[in-house]
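The structure appears right after this line, and notes come after that.
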Amino acid sequence: MVDMTREELKRKIQKLEFAAVELNLYLDNHPNEQKALVDYNNISKDLCALKKEYESKYGPLCNFGNAPSAYPWQWVNEPWPWETGE
Amino acid sequence: MYPYYRSTPDKSKVINLMLARAYVPDQPYIGILPLDEALKKGVLFPNLDIPYAIKSKE
Amino acid sequence: MWIYEKKLEFPVKIKNKDLRMAKFLMAQYGGPDSELSASIRYLSQRYTMPTSKTKGLLTDIGTEELAHVEIIATMIYQLTKDATPDELKAAGLGGYYAEHDKAIYPADANGVPWTGAYVQSMGDPVTDLTEDMAAEQKARSTYEHLIDLTDDPDVIAPLRFLWAREVVHFQRFGEALVNVYEFLDSKKFF
């Protein structure tokens, strides 16, 4: 498999996380809709794996202890989302 | 322009509801759109995918 | 608490400078029906929602709106990149430059600063959710006006995304309102 670029990886995360947001809001109102819940759990699993892959290559996506950092502290590295638009 | 309004509801189906209340029909789960398409459109669900009326700005 | 994620909910890749459009987009950054108003409105109202489902929904939509605040700010940031004071003045942003340079400041398209007076939090879940439904429609209309004001596909793409979010949120608040009515009715009879 060809390695995805940083932007491609970010885009794939955006697609999965958007689906997770949508299913989350739907499930808030329909907690007993099992098919939606199965889709949510599958997407969460894929999203988690993809975020781990991204973070191991490019540093943490989330602050406050949600991802470890290599030395030196990577959280403050450029670029910020508004700069790349990703 | 009002691209949101596409059709009027079938009034015969809206019976036995209490007056002076607002109702939005419950959205059934009919599966999801391909994730590429969903992000681009801003909606994951095929039954909530209301097209934008101005074709050139779709 | 909240965790920041170093990514946008939707990509913003604007290649062409357009200062007038940046000014118009301020409507959705610091205007009455802006994403900022939406977020503060829902996150304030959630404390007095009567059901766990509605507390969750307002938390989640209020959080998503913060991501929309960031998308609009990013659009304004990219549209005004490398603009000179003279160009800003010509686009009607001279007053903005005087007060804020090119910094992102929560004001509307006419420079009026954002205020908490744009939102309500009434403690009555029927009233609050009805306001929320109206708020989503007002924001949807604003996006239609903004889309009318540009032909740049890089600007239209995120605006179309945000337009659709208003429609989805309206559906969710509508379902929540029906749920709250059911809850209130069940309390009346038992």
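General remarks:
The rows are residues; the columns are (1) crowded, with 18+ Cβ neighbours inside 10 Å; (2) under 14 Å from the mean Cα position of the chain (by Cα).
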| position | (1), (2) |
| --- | --- |
| B:20 | no, no |
| B:26 | no, yes |
| B:36 | no, no |
| B:41 | yes, yes |
| B:47 | no, yes |
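- So residue C:143, is it assigned to a helix (DSSP H, G or I) and in contact with a strand residue (DSSP E or B) (Cβ under 8 Å, 6 or more places away or on another chain): no
- Given (1) modelled with pLDDT of 70 or more; (2) open to solvent by 100 Å² or more (accessible area, probe 1.4 Å); (3) part of a loop (DSSP other than H, G, I, E, B), number of the condition residue B:1 does not satisfy: (1)
Here is a yes/no grid of residues against (1) in contact (Cβ under 8 Å) with a residue 24 or more places away in the chain; (2) part of a loop (DSSP other than H, G, I, E, B); (3) of a type outside the set (Lys, Arg):
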position: C:89; (1), (2), (3): no, no, no
position: C:92; (1), (2), (3): yes, yes, yes
position: C:95; (1), (2), (3): no, no, yes
position: C:98; (1), (2), (3): no, no, yes
position: C:105; (1), (2), (3): yes, yes, yes
position: C:117; (1), (2), (3): no, no, yes
position: C:127; (1), (2), (3): no, no, yes
position: C:130; (1), (2), (3): yes, no, yes
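- All conditions in (1) open to solvent by 20 Å² or more (accessible area, probe 1.4 Å); (2) under 26 Å from residue C:164 (Cβ atoms); (3) in contact with a Pro (Cβ under 6 Å, 6 or more places away or on another chain) hold for residue C:97, with the sole exception of (2).
- Candidate set: the range C:43-87, residues that are among the β-branched types (Val, Ile, Thr) and buried (at least 19 other Cβ atoms within 10 Å of the Cβ); chosen: the one nearest to the other protein chains (Cβ to nearest Cβ): C:74
- Residue list for the range A:27-51, restricted to those being away from chain C (no Cβ under 14 Å), surrounded by fewer than 19 Cβ atoms within 10 Å (Cβ to Cβ), closer than 22 Å to residue C:5 by Cα and not small (Gly, Ala, Ser): A:41, A:42, A:45, A:46
- If you go through the range C:163-190 and keep only what is surrounded by fewer than 13 Cβ atoms within 10 Å (Cβ to Cβ) and of a type in the set (D, E, K, R), you end up with C:182, C:185, C:187, C:188.
- Applying a threshold of 6 Å to beta carbon distances and a minimum spacing of six or more residues, or different chains, the list of pairs starting in the range B:21-50 at a residue that is more than 8 Å from chain C (Cβ to nearest Cβ) and ending at one that is of a type in the set (Asp, Glu) reads B:29/A:33; B:44/A:22.
- Within the range C:130-149, restricting attention to residues that are more than 11 Å from the chain's Cα centre (by Cα), open to solvent by less than 10 Å² (accessible area, probe 1.4 Å) and more than 9 Å from chain B (Cβ to nearest Cβ), the residue that is farthest from residue C:54 (Cα to Cα) is C:146.
- Filter pass, residue C:149 being touching a Leu at 6+ places or on another chain (Cβ under 7 Å) and touching a residue at least 12 places away in the same chain (Cβ under 8 Å): no
The values are calculated or read from the model by the stated rules, or taken from the named source; none is laboratory data. All values derive from a computational prediction rather than experimental measurement. Cβ atoms come from the backbone with ideal geometry, glycine included; neighbour counts cover every protein chain shown. Protein only, heavy atoms only, side chains kept; ligands, DNA and RNA dropped before computing areas. Shrake-Rupley method; radii C 1.70, N 1.55, O 1.52, S 1.80 Å.
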